[in-house]
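No value in this document is a laboratory result; all are computed from the given coordinates. Just so it is clear, the structure is predicted and the values come from calculations on it, not from any experiment. For neighbour counting, all protein chains shown are included, and Cβ atoms are generated from backbone atoms with ideal geometry for every residue, glycine included.
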Amino acid sequence: MALYQFDVLDSTNEYMKENRKKFQDYDIVLAKNQTAGKGRRGNIWISTEGMGLFTFLVRKQEKEENINYMKLPLLVGLAAIRAFQKIKKAEYQFKWTNDIYLQGKKLGGILVERRENDFLIGIGLNINNQIPLEIKHIAISLQELGEQEYSIPDIVLEVVEQFRTLWKEYTSGNWKEILTEINKINYLYGKRVALRAGNLFIEGIVQQINNEGEIEIMSDGKIKSFAMGEVIRERLIFPLEANIESFAKAYILKEASYDVIICLVGEFNENWMEKLETLHLKVEKNISLEEAMKKYQAKSFLDFPNIFPLENYSEERIKKIAKMFV
Ligand code: BTN
């Protein structure tokens, strides 16, 4: 396990891919910045200094026959979370299939690529970087926890070390225990999601991650499992009313993983604006509900006032939650 550090690369994944013959198992390429960082599904990974931007190599061994490499992102995610737990205790979660979450926001993402027998495990972690205001409602950086700077090489080495241990556990037949650990930190569990897998689109409530590493979704009373797919958070325009219960409902929906966009229709004083900030929701001030629906291609909460999970909340329970915002 050797660590190669660079100031700037186009992409640590690309660099390692191009030079992969020169690298050995668990070697790491770390860059302070990237000019063409890659995300999953051909997305761009916007890189800035302060992020942990690295790729390490996992080489397929001849003897490993019963290994399912589709499980790699799950194992990498758990390894990163084990590493974070050693560095700064918090409630990190794993969002199937490839993301690390904290406080309901993305802390990092994983991109696994394959060339012949080489798996290139690319990880982007928000560590010392500041999250830009526009995405503060969906992304978080580790430094927000303790307002301290972390050593990126130390974190990176810890992640890869944790992965090495975990991979050993997995290849020696301890998948069951690992899966239990992953399910304990399953961010999507119990949440209502929409999932796109190829041409298929389903909506439902997430159950466990199963033995195959697939996500199970309860939809129309049946459990369906998916080996891959993109979990899309349903988008909801929420016309906020100037009462604390309305706040509580927006909060509950956000916690249930909806992508809530607040549409402010009436007059709101500064005090309310401050409260809104604490929810980290996207806010639209000067457009009508119809315009917001069009702009975000989203449905309106007014058409679904009892949408899951609110259907399970009594007025009383909502009032109780609302007290949090007083
Ligand atoms: C995702 O969430 O879509 C995965 C993002 C992976 C980004 C990392 S940054 C280091 C490595 N190099 C890349 O070009 N991508 C990965």
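Applying 0.36 nm per residue to the separation of GLU241 and ALA90 and subtracting their alpha-carbon distance, the gain on full extension is 51.0 nm. When Rg and the Kirkwood Rh are both derived from Cα coordinates, the Rg/Rh ratio for segment 218-277 amounts to 1.15. Classification of segment 87-152 by its C-alpha gyration tensor yields a prolate form. The axis ratio a/c (a ≥ b ≥ c) is 1.5 or more, and a/b outweighs b/c.
Computed over segment 15-159, the P(r) curve from all C-alpha pair distances, binned at 10 Å from the origin, holds 11, 43, 34, 10, 1 percent per bin.
Its residue count N fixes a reference of 2.2 N^0.38 Å for segment 152-224, and the Cα radius of gyration divided by that reference is 1.40.
Between SER172 and ASN19, what is the FRET efficiency for a Förster distance of 35 Å, r being their Cβ-Cβ separation, to the nearest 0.05? After rounding to 0.05, the efficiency reads 0.70. Mind running the shape call on segment 176-261? Use the C-alpha gyration tensor, a ≥ b ≥ c as the square roots of the eigenvalues: rounded below 1.5 for a/c, prolate if a/b tops b/c, oblate otherwise. Prolate is the answer for segment 176-261, as a/c is 1.5 or above and a/b outweighs b/c. Taking 0.36 nm per residue of separation and subtracting the current Cα-Cα distance, fully stretching the chain between LYS184 and ASN210 would add 8.1 nm. Pairs of lysine residues in segment 158-278 that meet both criteria, 8 or more places apart or on different chains and Cα atoms under 25 Å apart, total 17. Could you run the Debye sum over the Cα atoms of segment 236-326, one equal point scatterer each and no solvent, and tell me log10 of I(q)/I(0) at q = 0.13, 0.23 Å⁻¹, two decimals? Log10 I(q)/I(0), no solvent term: -0.39, -1.25.
Shape analysis of the chain yields a ratio of the Cα radius of gyration to the Kirkwood radius, Rg/Rh, of 0.99.
The magnitude of the dipole of the chain, with charges of +1 and -1 set on the Cβ of Lys/Arg and Asp/Glu and taken from the Cα centre, is near 480 debye. Remark: spin-label model distance ALA197-ASN66 equals 2.5 nm, labels positioned 7 Å along the Cα→Cβ axis. Under a model in which nothing but the beta-carbon of Lys, Arg (+1) and Asp, Glu (-1) is charged, segment 61-178 shows a dipole of about 280 debye around its Cα centre. The slack in the chain from ASN271 to THR48, taken as 0.36 nm per residue of separation less the alpha-carbon distance, amounts to 76.9 nm.
Cα centroids of segment 294-326 and segment 52-72: 43 Å apart. Computed on the chain, with alpha-carbon pairs under 8 angstrom and 6+ residues apart, the relative contact order is 12 percent. Ranking TRP45, TYR4, ILE67 by how far each Cα lies toward the positive end of the dipole of the chain (charges on Cβ) leaves ILE67 at the top. Assign one of three labels to segment 114-237, namely rounded, prolate or oblate, based on the Cα gyration tensor with a ≥ b ≥ c the square roots of its eigenvalues; rounded applies when a/c is under 1.5, prolate when it is not and a/b is larger than b/c, and oblate otherwise. Note, shape of segment 114-237 comes out oblate. Each residue of segment 163-319 gets 158 Å³ once the volume of the Cα convex hull is shared out per residue.
Over segment 56-123, the Kirkwood radius and the radius of gyration, each from Cα atoms, give a ratio Rg/Rh of 1.03. Pairs of lysines in segment 20-152 whose Cα atoms sit within less than 15 Å of one another amount to 7, provided the residues are eight or more positions apart or on different chains.
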